[in-house]
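Just below is one structure, and these are the notes that go with it.
Coordinate-derived values only; no laboratory data. Bear in mind that the values here come from a model prediction, so they are computed numbers and not experimental data. Here the Cβ positions follow ideal geometry from the backbone for every residue, glycine too, while neighbour counts run over all protein chains shown.
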Amino acid sequence: MHSPKRTARPVARELLFGNLWEYDAAPESSPAFIDASYGLFIGGKWVAPKTRKTFDSISPRNEEKLSEIALAGAADVDAAYQAAAKAFPAWSKLPGSERAKYLFRIARLLQDRAREFAVAETLDGGKPIKESRDFDLPMAAAHFFYHAGWADKLNYVTPGRVLEPLGVVGQVIPWNFPLLMLAWKLAPALATGNTVVIKPAETTSITALKFASILQDAGLPPGVINIVTGAGDTGAAVVNHPLAAKIAFTGSTAVGKSIQRALAGTGKRLTLELGGKAANIVFEDAPIDQAVEGIINGIFFNQGHVCCAGSRLLVQESIANQVLSKLKIRMKSLRTGDPLDKNTDVGAINSRAQLDRIHELVASGVAEGAELYQPVCELPHKGFYFPPTLFSKVSQSHRIARDEIFGPVLSILTFRTPEEAIEKANNTHYGLSAGVWTDKGSLILKMSNELKAGVVWANSYNKFDPSSPFGGYKESGFGREGGKQGLLDYAKLKATF
Ligand code: NAD
């Protein structure tokens, strides 16, 4: 029997207020306490780099210099590994209940200094203060709390086996969630009894370096966590050091592949959290206004610098015009500008290099025939900014539909049947995340079974929890962070019988 064809719901008329309700500026006034310069944090102390070199950390908000950061070379990375190896025997033999106390202290200290860290994160990375304040900081603390809970229960993660630490772990993280990625990496490594050498991204080292003072205040034994700063060469030295028992990398697929090649045959464990090109799929029976909010959050959260960003919107043909027109209206109310303003929704692009890449990909979308929409918005004159952008009339062959843009740019494609949606969603090298919006539970189950994505959100998007494992398929990487699956990636299993 044919079900009656749904008639598209009429689009409500747009309410136009002009400048009538313009907000006053609401800059965050808490101090960030950023030092004029930072050394390397090795063996529990600040040390000068043996390279005698430094690099500037600038704020994407206004291009002003924030601090001078030490550039670690191979000898510095070696010193960090030696310190971590020295700390390993005592740290790994501590009872889990003792290690848990350190994790718990770190979480509490982060909570105590949350506003200061949120301001530093926003100044250094460009994300809106409301996100660093309400998402990055609470989530970073939550990861330490969660893993504090696991540290004394490692004998119960897998029945009949105990979890034993691997040794010294090398970790390399990206710039989009600097402190949160650090928490995702450090908390499970510490809970399972490993010691660590970690390298933050070169454009966002400041919260990692400020975090060293939290480790000191928590009384963490020297050498358990060592922080080295620098760019790709420093990262390569971390990855290739012979003392590393495992490498945990989050970053681009290109670098992830090169790391996998470099580690082949070394016996080192590896987890890779790489790029994505997620499909956010909206069916005609979806709660459309909620879906529009989910689409907006999915692509404009953190300026789209999100590995799991819903950058490809797949919308059922019968409601495509309605969704497009609602999206355009909603985009007009997004406030783009100073990330330190509490009203800002879309902040600064992390670096000039990333801004250039976004410009290049957007230009390719226009050149290949997609239709561009950007709401009128006045961008600050200094700093790196890009307006929220939407492309309709996109086809699967367009670069904007295939390449990870990692910016506030949404591409809209349409589909008619669930099968077509699955085929289009899976037509990518990546497989990190997806969203499904529909009234039907059975359709949610079908889609989540058939989508090749590590995470599938249903009638929601960008929901995270430390207990929920996160990670990819295909070229989005392997291994999981969070949950008990994340713990297993930092341990070897030993039978107890
Ligand atoms: P990137 O790969 O350029 O850099 C990531 C980190 O690797 C940085 O610290 C960098 O200094 C370091 N690095 C660069 N070259 C290296 C090398 N040869 N050896 C070792 N380390 C090296 O990526 P990015 O531009 O900083 O980050 C954006 C990418 O990260 C995006 O592709 C995004 O999707 C991905 N990402 C993935 C996740 C996830 O969980 N899957 C989370 C956040 C970001």
When a footprinting reagent is the concern and you count Cβ atoms within 10 Å, what order do SER460, SER67, SER411, SER97 take, fewest first? SER97, SER460, SER67, SER411
Between the helical axis of 137-150 and the dominant principal axis of the chain, each derived from Cα atoms, what acute angle in degrees is found, rounded to the nearest 10? 50 degrees
Positive end of the dipole of the chain, charges at C-beta (+1 Lys, Arg; -1 Asp, Glu), about the Cα centre: which of LEU220, THR158, LEU340 has its Cα farthest in that direction? THR158
Relative to the first principal axis of the alpha-carbon coordinates of the chain, what is the inclination of helix 74-93, with its axis defined by its Cα atoms, in degrees from 0 to 90 and to the nearest 10? 80 degrees
I'd like the orientation of helix 288-300 relative to the chain: the angle between its Cα long axis and the longest Cα principal axis, in ° from 0 to 90, rounded to 10. 40 degrees
Quick one: of the DSSP bridges fully inside the chain, what percent are antiparallel, nearest 5? 35 percent
Under 5 Å between amide hydrogens, which residues at least 5 positions from SER311 or on another chain qualify, with H placed 1.01 Å from N in the peptide plane? ALA278
Within 15 Å, Cβ to Cβ, of GLU98, how many net charges do the neighbouring residues add up to if Lys/Arg are +1 and Asp/Glu are -1? +4
Evaluate E = 1/(1 + (r/R0)^6) for ASP152 and GLN260, where r is the Cβ-Cβ distance and R0 equals 35 Å; express this FRET efficiency to the nearest 0.05. 0.55
Helical contribution to [θ] at 222 nm, DSSP H n ≥ 4, -39,500 (n - 2.57), averaged over the chain, rounded to 500: -11500 deg cm²/dmol
If we count other beta carbons within 10 Å of each Cβ, what is the order of VAL224, VAL162, VAL394, fewest first? VAL162, VAL394, VAL224
What is segment 293-334 by shape, rounded, prolate or oblate, if you read a ≥ b ≥ c off the alpha carbon gyration tensor as root eigenvalues and call it rounded for a/c under 1.5, prolate for a/b larger than b/c, and oblate otherwise? oblate
Residues ASP24, ASP112, ASP152 in order from fewest to most other beta-carbon atoms within 10 Å are ASP24, ASP112, ASP152
Residue-count net charge about ALA148 - beta-carbon cut-off 12 Å; Lys, Arg +1, Asp, Glu -1: +3
For the charge dipole of the chain, defined by +1 on Lys and Arg C-beta atoms and -1 on Asp and Glu C-beta atoms about the Cα centroid, which residue among SER29, ASN19, PRO95 has the Cα displaced farthest towards the positive pole? PRO95
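Based only on the alpha carbon positions, what is the Kirkwood hydrodynamic radius of segment 225-357, in angstrom?
18.0 Å
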For labels at GLU420 and ASN459 in the simple 7 Å Cα→Cβ model, what's the distance in nm? 2.5 nm
Multiply the residue gap between ASN449 and GLN396 by 0.36 nm, knock off their C-alpha separation, and tell me the result in nm, one decimal place. 16.8 nm
What is the Cα radius of gyration of segment 279-465 over 2.2 N^0.38 Å, N being its residue count? 0.98
Extension gain GLU98-GLU22, at 0.36 nm per residue separation less the Cα-Cα distance, in nm? 22.1 nm
How big is the Kirkwood radius of the chain, worked out from every pair of different alpha carbons and given in Å to one decimal? 23.4 Å
Placing +1 at every Lys and Arg Cβ and -1 at every Asp and Glu Cβ, with all other atoms neutral, what dipole size does the chain have around its Cα centre, in debye to the nearest 20? 1340 debye
Report the antiparallel proportion of the DSSP beta bridges in segment 273-431 as a percent, rounded to a multiple of 5. 20 percent
